[in-house]
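The values are calculated or read from the model by the stated rules, or taken from the named source; none is laboratory data. Because the structure is predicted, anything quoted here is derived from the model rather than measured. We place every Cβ from the backbone using ideal geometry, glycine too, and count neighbours over all the protein chains shown. Note: areas computed on protein heavy atoms with side chains; ligands, DNA, RNA excluded. Shrake-Rupley method; radii C 1.70, N 1.55, O 1.52, S 1.80 Å.
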2 protein chains.
Amino acid sequence: MLYCDDSLQVRAMTTTLDQLCINTIRFLAVDAVEKARSGHPGTPLGAATMAYVLWDRYLKHNPAGPAWPDRDRFILSAGHASAMLYALLHLTGYDLPLEELKRFRQWGSRTPGHPEYGLAPGVETTTGPLGQGFANGVGMAIAESWLADTYNRPGHEIINHYTYALVSDGDLQEGVSAEAASLAGTLRLGKLIYLYDDNDISIEGNTDIAFAENVPQRFQAYGWHVIGPINGMDIDDVDWALREARSEPRPSLIICRTTIGYGSPHKAGTASAHGEPLGEEEARLTKQALGWPYQEPFTVPPEALAHFRQSLERGRRCQQDWEDRMRAYSKAFPEESRKLKQALSGELPPDWDREMAGMFAGQDKPIATREASGKVMNAIARSVHYFTGGSADLAPSTKTTLKDHGHYGFEEYCGRNMHFGVREHAMGAIASGMSLHGGTIPYTATFLIFYDYMRPPVRLAALMKLRVIYIFTHDSIGLGEDGPTHQPIEHIAGLRAVPDLVTIRPADAAETVEAWRVAMQRRGPTALLLSRQNLPVLDRAVLAPADGLKRGGYVLRETATPQVILIGTGSEVHIALEAGRLLEQQGIAAQVVSLPSWELFDAQPEQYRREVLPAEIKARVSIEAASPLGWERYVGQEGVIIGLSRFGASSPGPVIYEKLGLTAARMAEEAARLVRRNDV
Amino acid sequence: MLYCDDSLQVRAMTTTLDQLCINTIRFLAVDAVEKARSGHPGTPLGAATMAYVLWDRYLKHNPAGPAWPDRDRFILSAGHASAMLYALLHLTGYDLPLEELKRFRQWGSRTPGHPEYGLAPGVETTTGPLGQGFANGVGMAIAESWLADTYNRPGHEIINHYTYALVSDGDLQEGVSAEAASLAGTLRLGKLIYLYDDNDISIEGNTDIAFAENVPQRFQAYGWHVIGPINGMDIDDVDWALREARSEPRPSLIICRTTIGYGSPHKAGTASAHGEPLGEEEARLTKQALGWPYQEPFTVPPEALAHFRQSLERGRRCQQDWEDRMRAYSKAFPEESRKLKQALSGELPPDWDREMAGMFAGQDKPIATREASGKVMNAIARSVHYFTGGSADLAPSTKTTLKDHGHYGFEEYCGRNMHFGVREHAMGAIASGMSLHGGTIPYTATFLIFYDYMRPPVRLAALMKLRVIYIFTHDSIGLGEDGPTHQPIEHIAGLRAVPDLVTIRPADAAETVEAWRVAMQRRGPTALLLSRQNLPVLDRAVLAPADGLKRGGYVLRETATPQVILIGTGSEVHIALEAGRLLEQQGIAAQVVSLPSWELFDAQPEQYRREVLPAEIKARVSIEAASPLGWERYVGQEGVIIGLSRFGASSPGPVIYEKLGLTAARMAEEAARLVRRNDV
């Protein structure tokens, strides 16, 4: 089944050399932490053996070709051990000079405190917040299985790699890893292999105080293959366990007993080894205890380096072999090959939006934007063959099922509809893993209220600038009877506060089409906020075209000499339009602005922004069924913000709008008041 | 061990009457959903038997005394089955007339779509977002065990009750329940008994597609006692299982096989029974199938009502017995009794803040606000004996250990320092459960970045107006080397957007004291944002006193005729002060405002707010090492906001401040520019 890595495994030459290599990893990490006077030496000391055996004997990778699509993935879910990863990257020949290890945790270095995707090559994902890497790995294994089942052909196993991670006690305590592990077991992701650094220590002391569970039994319950406990600091044990794991059709958890801060005479096995430098003297003693003869920090013994750098030749041959096979595949299956390459490139097909033009033109029946979104998604799915995703058990409500595209599962890994279960947090982190892996454009779906359950992965996706599309339906009190537990208030502001995330709340079906256009074309995360309730499809013969959405905000209803500007987003744009009509009846000229995306609007040239919101018109009223936080930016100090500074209520949606004062009448009244005041 | 409930158990009189009662619950729920044309009939139909047996035979409660402290707690974690809970409350005699069931999910009713704490008596917590109720229950059981171990005395078991919950497939898929279950197992909370409604169905279809794990094995791994699977629709099975569970020293999970939508000829066992009304015809057919002879909706057969209402007499006797015992305890242990009563009242002792006055007066050594907070907490702990909480494995970093107050655990349930493990989400929900239970003022602690992991319970605490104090340290890029994965940006804005939550970011040790004063006195949730880095203790002989904090914002450094206002929060107040000095050197009079809490400030009378931020001074500059979202409210359209619209970076903290432009020099420059512009 495997093409190159089995043949390339280099058995331990001598235990002495292996131990020297392991100590080289350990002390590069220790020295980096000492120099930075900040960092986490304990895990590198304890986990270096596991990492070494994996990287030296099993990991299929090419340090000179870090983007090679069929490489194995390695995730350091215990991101605080970043110095160990940087040591491995440097030693095996990635473009990460020793100088960078000396600048660990310093401004502008490629070796930040926790591994950051995009800084050092070979860092497969940004980790640190615990549990995230665990779930990212599940996403990568899902992407691998999907690509393999979709594009491989008999005799042409183009996609076929493992996803490894090193996970800690803290990772396993976080709920997100529980969610991801349960799903990975259900999906039987056999090429997922996690090394669990089981060292009994977390920051408050022995893990007994909070984590007395039987981890092996728990993972068996999830359907995982559990190996060990083994001695995680024994080369042969780790070697054997990895071999076992690779032959298994289920995901594997290798339980590796280790000692945090191994070798440190005074700190080994204690929480104080975790998160602060050993100190000069203790570092010296640790080197002594482990038989490390070099006084000079950052010493790399030449024989160790020579051994590590064999990765370059192995990797080169491995990738070369794959490229040869890719060529053969391209000849035998030109269409599949073209599609696979396109999927891996992430480029959209030239005609990807062919069905989207004028999609809801002439429609006069009101339609919820979630419903419109579902239709757009299905149009996209027909042309973008690597557009895939799913929902946290809400597909029928979020309208996100891709019809006739199958269901992803162990019986059909090429299905495009994923079922995440009621697990929003893992869903977010898995989607990031899929995006990081490459080969798919993933989407997720749930109610906007449940963004709260998945904030950490959305943030990390923004930090990594990943293309993930988050569909959040039921985006306001308009959802009605389910009540305040399900009605978002603070969530829109929350999304807007995340750097590098674009949030779009379309007003109708036509804006929904444009929102999808933006989302698909971005190379970063986008959140789409969609209504549960039906909304009129705006008459674009009278109003401005919906493609104004791409600029974030636009004048929807123009007036010759406006006295007041009414601004709305999403479902409240219709209230603003109605308020405009009411004002007209009173002889007040109101311009109506649709402002579906603050981020897109704020990125426009100042001139455009002033066209939409002319500085001289200070009478402005905004309406949004959400927290008013931040609206002053658009309405100014003299304007009026109609929003919600309280929680919602359980009742039919229209009643709540009425009771909480989100009405055209009130908006018109506030606007008229402002106009009158300015006239005085 | 138990005082009254064993003797009060009423065995099944006749199966016919039991079945009639169960059907009464079912059809009150079905009829409520039909009338509302919205809701979830499936779970009530399937789970009514479990609920009935529990409420009829085991639950120690008094419908006429819903606040009786030693009642058993019942949580409907599957909050979508709210109509079933309302039916039980009405039938057993709580103050919830049938009329309210007829107004299910309507504006102003006490029967919202999901159960809301504070609306109908007997609703112990607000549920709906899955997994939350599961974890709330763990918090209640923790509070019970803590109170019992702290205040009970031999022969005086004043606190001794069970916590029950009904949990669904969705609850068990959410990570928060995994976290809470692992902790409950570690803590051996034997009086926690959960009925798992195992019906194989979630919204997207059969749970197989996403949830194939072995639930019994998983809970065994957590250290739970697992009973079943039993037939959850068989009275005797449920009765037996509850009896088993109550005799166990470990937490119990009773696996109850049920059929969602039981009785519905066309919808039973399908996802379509879950979240929408059966429809008139199907409701009729279901009643027919289950032998329910009444045509009229909301029928309560008199013999069923009579049976249910026996709860009132049982409950009265039960509470009376407890009150008698309480009197005996008060006599035998007057001091303990006084303390217990005070704890249960939630009132602060008269001298609760005796150590806080002038706590950091005269201190000239800089001190991090997290460090100051730790000292304040220890002062409070000495006088408020029921102040208890813990951290998500970060006590040494958050400085939240209560010295000499023991560690809460199964060997010492009276310890006051809790160890939540790396489980922020469960921590939040558990703290809510503790607060709901009463008898403690709980606090939680973690880094501000990890607020993202616990947003759902913080929101629900705000919705329920619970007294929980959230300590969030490492509140900005000032934390330094750990980098952008650990540096909050959007979190302060996010907290401010949550209704009914008060967020306070004190500037120094003295403001930290005042922040704690506010937090302790509130009957709602408070978030305290604290620095990792040291901060000067402001010289209050020169500057305004720190008790200005209680008004949310105050003039810290007054100037006779200010030309510009500089506003800051937390650690950035010191930058604003320095900028003020720089401006003074240039002959510009700058007033400096400390604005630690927007919510408190916005709640002040307009006159006060205008004193702090005089309308005529339009030159204003704000500084906060966080998202600028919302600052326009205070600086106005002509002002300048110095904030962060990007992620942070890994580097020593002072370097990041410098590189990202959060400096006194820049603030002074912006202020001078504004003043010059206004002069023109």
Meets criteria (in the same structural domain as A:Asp18 (by TED's automatic domain parsing), out of contact with any strand residue (DSSP E or B) (no Cβ under 9 Å at 6 or more places or on another chain) and at positive phi) for A:Arg105: yes
Residue within segment B:203-212 that is open to solvent by less than 10 Å² (accessible area, probe 1.4 Å), more than 14 Å from chain A (Cβ to nearest Cβ) and either in contact (Cβ under 8 Å) with a residue 40 or more places away in the chain or touching a Leu at 6+ places or on another chain (Cβ under 8 Å) (or both) present: no
Residue match in segment B:640-650 (condition: in contact with a helix residue (DSSP H, G or I) (Cβ under 7 Å, 6 or more places away or on another chain) and either in a helix (DSSP H, G or I) or farther than 23 Å from B:Gln487 by Cβ (or both)): no
Residue satisfying condition, being more than 22 Å from A:Trp55 (Cβ to Cβ), at the interface with another protein chain (Cβ under 9 Å from one of its Cβ atoms) and among the aliphatic types (A, V, I, L, M), within set A:Leu187, A:Leu147: A:Leu187
From B:Lys341, B:Lys375, residue being out of contact with any Leu (no Cβ under 7 Å at 6 or more places or on another chain), among the charged types (D, E, K, R) and either free of Cβ contacts under 8 Å to residues at least 12 places away in the same chain or surrounded by fewer than 17 Cβ atoms within 10 Å (Cβ to Cβ) (or both): B:Lys341
Filter result (assigned to a loop (DSSP other than H, G, I, E, B) and either of a type outside the set (Ser, Thr, Tyr) or open to solvent by less than 10 Å² (accessible area, probe 1.4 Å) (or both)) within segment B:396-407: B:Lys399, B:Thr400, B:Leu402, B:Lys403, B:Asp404, B:His405, B:Gly406
Selection status of B:Gly131, small (Gly, Ala, Ser), at positive phi, within 14 Å of chain A (Cβ to nearest Cβ) and surrounded by fewer than 20 Cβ atoms within 10 Å (Cβ to Cβ): no
Filtered residues of segment B:503-533 (kept if within 14 Å of chain A (Cβ to nearest Cβ) and open to solvent by 10 Å² or more (accessible area, probe 1.4 Å)): B:Arg532, B:Gln533
Odd one out for A:Asp169 among (1) surrounded by fewer than 23 Cβ atoms within 10 Å (Cβ to Cβ); (2) on the phi < 0 side of the Ramachandran plot; (3) within 14 Å of chain B (Cβ to nearest Cβ); (4) of a type in the set (Asp, Glu): (1)
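Kindly indicate which of B:Leu583, B:Leu538 is open to solvent by 10 Å² or more (accessible area, probe 1.4 Å), of a type in the set (A, V, I, L, M, F, W, C) and not assigned by TED's automatic domain parsing to the domain that holds B:Ala361.
So the residue among B:Leu583, B:Leu538 that is open to solvent by 10 Å² or more (accessible area, probe 1.4 Å), of a type in the set (A, V, I, L, M, F, W, C) and not assigned by TED's automatic domain parsing to the domain that holds B:Ala361 is B:Leu538.
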Qualifying residue in segment B:111-120 (condition: farther than 28 Å from B:Thr299 by Cβ and not assigned by TED's automatic domain parsing to the domain that holds B:Glu412): yes
Segment B:596-650: number of residues that are within 11 Å of chain A (Cβ to nearest Cβ), open to solvent by 30 Å² or more (accessible area, probe 1.4 Å) and among the acidic types (Asp, Glu): 3
Residue ID - farthest from the other protein chains (Cβ to nearest Cβ), chosen from residues in segment B:651-675 that are assigned to a loop (DSSP other than H, G, I, E, B) and open to solvent by less than 10 Å² (accessible area, probe 1.4 Å): B:Leu662
Lone qualifier among B:Ala148, B:Ala245, B:Ala241 - being small (Gly, Ala, Ser) and either within 30 Å of A:His425 (Cβ to Cβ) or part of a loop (DSSP other than H, G, I, E, B) (or both): B:Ala245
Qualifying residue in segment B:294-301 (condition: in contact with a Phe, Trp or Tyr (Cβ under 6 Å, 6 or more places away or on another chain) and surrounded by 14 or more Cβ atoms within 10 Å (Cβ to Cβ)): no
Candidate set from segment B:77-114 (those that are surrounded by fewer than 24 Cβ atoms within 10 Å (Cβ to Cβ) and among the hydrophobic types (A, V, I, L, M, F, W, C)); member that is farthest from the other protein chains (Cβ to nearest Cβ): B:Leu98
Any hit, segment B:226-234, residues being aliphatic (A, V, I, L, M), open to solvent by less than 10 Å² (accessible area, probe 1.4 Å), within 14 Å of chain A (Cβ to nearest Cβ) and closer than 27 Å to B:Leu189 by Cα: no
Of all residues in segment A:356-395 being in contact with a Ser or Thr (Cβ under 7 Å, 6 or more places away or on another chain) and part of a loop (DSSP other than H, G, I, E, B), the one that is farthest from the other protein chains (Cβ to nearest Cβ): A:Tyr386
Flag if B:Arg250 is without any contact (Cβ under 8 Å) to a residue 60 or more places away in the chain and open to solvent by 40 Å² or more (accessible area, probe 1.4 Å): no
Yes/no for B:Leu85 being touching a Phe, Trp or Tyr at 6+ places or on another chain (Cβ under 9 Å), closer than 30 Å to A:Glu424 by Cβ and in contact (Cβ under 8 Å) with a residue 12 or more places away in the chain: yes
Contacts under 7 angstrom Cβ, first residue in segment B:285-299 being under 16 Å from B:Leu20 (Cβ atoms), partner small (Gly, Ala, Ser), 6 or more apart: B:Thr286/B:Gly263; B:Thr286/B:Ser264; B:Ala289/B:Gly263; B:Leu290/B:Gly263
Unmet criterion (only one of (1) open to solvent by 10 Å² or more (accessible area, probe 1.4 Å); (2) in contact with a strand residue (DSSP E or B) (Cβ under 7 Å, 6 or more places away or on another chain); (3) away from chain B (no Cβ under 14 Å)) for A:Gly438: (2)
Sole residue being within 7 Å of chain A (Cβ to nearest Cβ) and in contact (Cβ under 8 Å) with a residue 24 or more places away in the chain, chosen from B:Asp500, B:Asp475, B:Asp482: B:Asp482
